[in-house]
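Here is the structure we will look at, set down as structure tokens.
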Amino acid sequence: MPDMNATLFHADHVFPGDAPPIVGGGVLVASRGHAQPEGTVLDVGQATELEARHATATVHRIRGILLPGLVNAHTHLELSALRDKIPGGRGFVPWVQSLLATRDIVLPEDDTNAIDTAARELAAFGTVAVGDVTNSLAAVSALARHNIGGSVFHEVFGQDRDEVLGRVARLDEARQRKLPSWPSRDLAYAPAPHTLYMTHPDAIRALLKGARSLGARTSLHLAEHGAERRAVENDDGPVPEWLAALMGHAAEFPKKPLFDFANQLEAIAADVLLVHMTDARPDELQRVAAAKAPIVLCPRSNLHIEGRLPPFLSIREVGINAALGTDSLASCPSLDVLAEAKALAENFPSVPAWQLVSMATYNGARALGRGDLGRFAKGTRPGVIHVEADVTGDPASYLLGHLHLARRMLVPRMPSRLP
């Protein structure tokens, strides 16, 4: 059936987001005046077939690559003023000690400027949605200004039960005080625990319950480093000593297997993004897969802090389609989620490159529960990125090998108006 007020982009290569790239592909998108909202994907496939099916569409021939808007499923934008300031390579505890010490001397106005710069860079990379972890909600307005949707995970940590439960109970009040009017209906909000070892178990339960009462997905850093496991399971290693010095009293640890403890708290679930998983073991990954819990990997951050990568092949073997995140500029050189895919490509050359690109698009959208983003499929509104290039060889490998090429948002992402 012909489509009036529709534009067909015919490119050398089209990345659908959830399938291999299409050579000579096309994406049909609703234009102003169409029955569907502007920017809605109407069809995708071989461009010649689309031209035959949609004879009245306006056709634009595009040199290079088209792909959906990127989804960066784990960020900490409020740490952006710490760019290049926190050395790595010594393990998590020395890294976070340096972060906290440096954070104390960063001026609030530097935070504001750095956060806005980071949000602008995200948009320039072609990012249309993030999973942003925040303690202060400082980045929410910047994300809204730069038309970036996704999820905001309002994080709480603390081991003093009464004190931290009080803060959990006052989260909504704190949000209203900081942002009397939520600036974007395309940014979901959810309370979130930080880690199993920095948040009291009763607070973790309360935060998960709060997120579920909103019908929202939330986030948890889990199995990020070996010291986490040692603390939770044995109450030894560098974490207990560091937390005791930080809090002024000894922290309590369950002395249970890490993933048993997470499961006891109902944290291994389809509505909880499990972030990092660098220290996860094959049997634990099986449990995560069975629970259909989404995983977000941040390989460049893990390399910077601990000098190790997540067990990516084991994650794939159990059938988990992981998403990607950049973590913060305190541990990662950029907020380009395709650079995370490139890091995996360099270390896991047996994995098809197009599947790594999908981790930065469709897998991220699925992790955030955003079916409208991350892929070219009928009814989605993910935005269309154009990378102009004379592609040689495998287009996915070419894309990851040429991240310096400019990306242009040919069609902006259209907000979905979350409830």
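The values are calculated or read from the model by the stated rules, or taken from the named source; none is laboratory data. Remember, predicted model here, so these are calculated numbers, not experimental data. No Cβ is skipped: glycine too gets one built from the backbone with ideal geometry, and neighbour counts run over all protein chains shown. With ligands, DNA and RNA removed, areas are computed over all heavy atoms of the protein, side chains included. Shrake-Rupley method; radii C 1.70, N 1.55, O 1.52, S 1.80 Å.
Accessible area per residue for region 9-90, computed on protein heavy atoms with a 1.4 Å probe, is 38 Å². Averaging 1/r across all pairs of distinct Cα atoms in region 294-419 and inverting the result yields a Kirkwood radius of 15.5 Å.
When the P(r) of the chain is calculated, the portion above 29 Å amounts to 44% of the C-alpha pairs.
To put it simply, the accessible area of region 1-101 at a 1.4 Å probe is 55 percent carbon and sulfur.
Charge dipole of region 173-298 (Cα centre as origin; +1 on each Lys and Arg Cβ, -1 on each Asp and Glu Cβ, all else neutral): 600 debye, rounded to the nearest 20. One quarter of the convex hull surface built on the alpha carbon atoms of region 22-92 amounts to 9.0 nm², the projected area averaged over directions.
If you look at the Cα atoms of region 267-350, you get an Rg and a Dmax of 12.4, 34 Å.
Between Arg161 and Val23, full extension at 0.36 nm per residue minus the direct alpha carbon distance yields a gain of 44.0 nm.
Below 8 Å, C-alpha to C-alpha, sequence gap of six or more: please give me the relative contact order for the chain in percent. List each step's numbers first, then the result.
Values: 930 pairs, mean separation 88.2, N = 419.
Averaging sequence separation for qualifying contacts and normalising by length gives 21 percent for the chain.
Each part reduced to its alpha carbon centroid, region 134-172 and region 77-117 end up 18 Å apart.
For region 96-214, with only Lys/Arg (+1) and Asp/Glu (-1) charged at the beta-carbon, what is the dipole magnitude about the Cα centre, in debye rounded to 20?
Dipole magnitude for region 96-214 comes out near 440 debye.
Charge dipole of the chain (Cα centre as origin; +1 on each Lys and Arg Cβ, -1 on each Asp and Glu Cβ, all else neutral): 900 debye, rounded to the nearest 20.
For region 305-419, the carbon plus sulfur part of the accessible surface works out to 50%, probe radius 1.4 Å. Of all beta bridges DSSP finds with both residues in region 1-131, what is the antiparallel percent, to the nearest 5? Close to 55 percent.
Once every Cα of region 4-153 carries one equal point scatterer and solvent is ignored, give the base-10 log of I(q)/I(0) from the Debye formula at q = 0.09, 0.20 Å⁻¹, two decimals. For region 4-153 at q = 0.09, 0.20 Å⁻¹, log10 I(q)/I(0) is -0.45, -1.14. Packing, as the average of other Cβ atoms within 10 Å across residues, places the peptides 121-130, 139-148 in the order 121-130, 139-148, highest first. Dipole of the chain (Lys/Arg Cβ +1, Asp/Glu Cβ -1, origin at the Cα centre): which of Ala19, Thr58, Pro412 lies farthest to the positive side? So the residue furthest toward the plus end is Thr58. For Asn113 and Asn234, FRET efficiency with R0 = 41 Å and r from the beta-carbon atoms, rounded to 0.05? Given R0 = 41 Å and the Cβ-Cβ separation, E is 0.45. Positive end of the dipole of the chain (Cβ unit charges, origin at the Cα centre): among Ala81, Thr102, His249, the Cα lying farthest that way belongs to Ala81.
Using DSSP H assignments, which helices in the chain have an axial alpha-carbon span of 15 Å or above and a mean Kyte-Doolittle hydropathy of -1.0 or higher?
Those that clear 15 Å and a mean of -1.0 are 92-103, 108-125, 201-213, 337-347.
Any idea of the accessible area per residue across region 214-361, 1.4 Å probe, to the nearest Å²?
That works out to 36 Å² per residue.
Projected over all directions and averaged, the alpha-carbon convex hull of region 196-274 occupies 5.0 nm².
Taking 7 Å steps out from each Cα toward its Cβ at Ala406 and Gln97 produces label points 4.7 nm apart. Note on the chain: antiparallel DSSP beta bridges, both residues inside, total approximately 35 percent of the bridges counted.
Peptides 205-212, 299-306 ranked from most to least packed give 299-306, 205-212, packing being the mean of other C-beta atoms within 10 angstrom over each peptide's residues.
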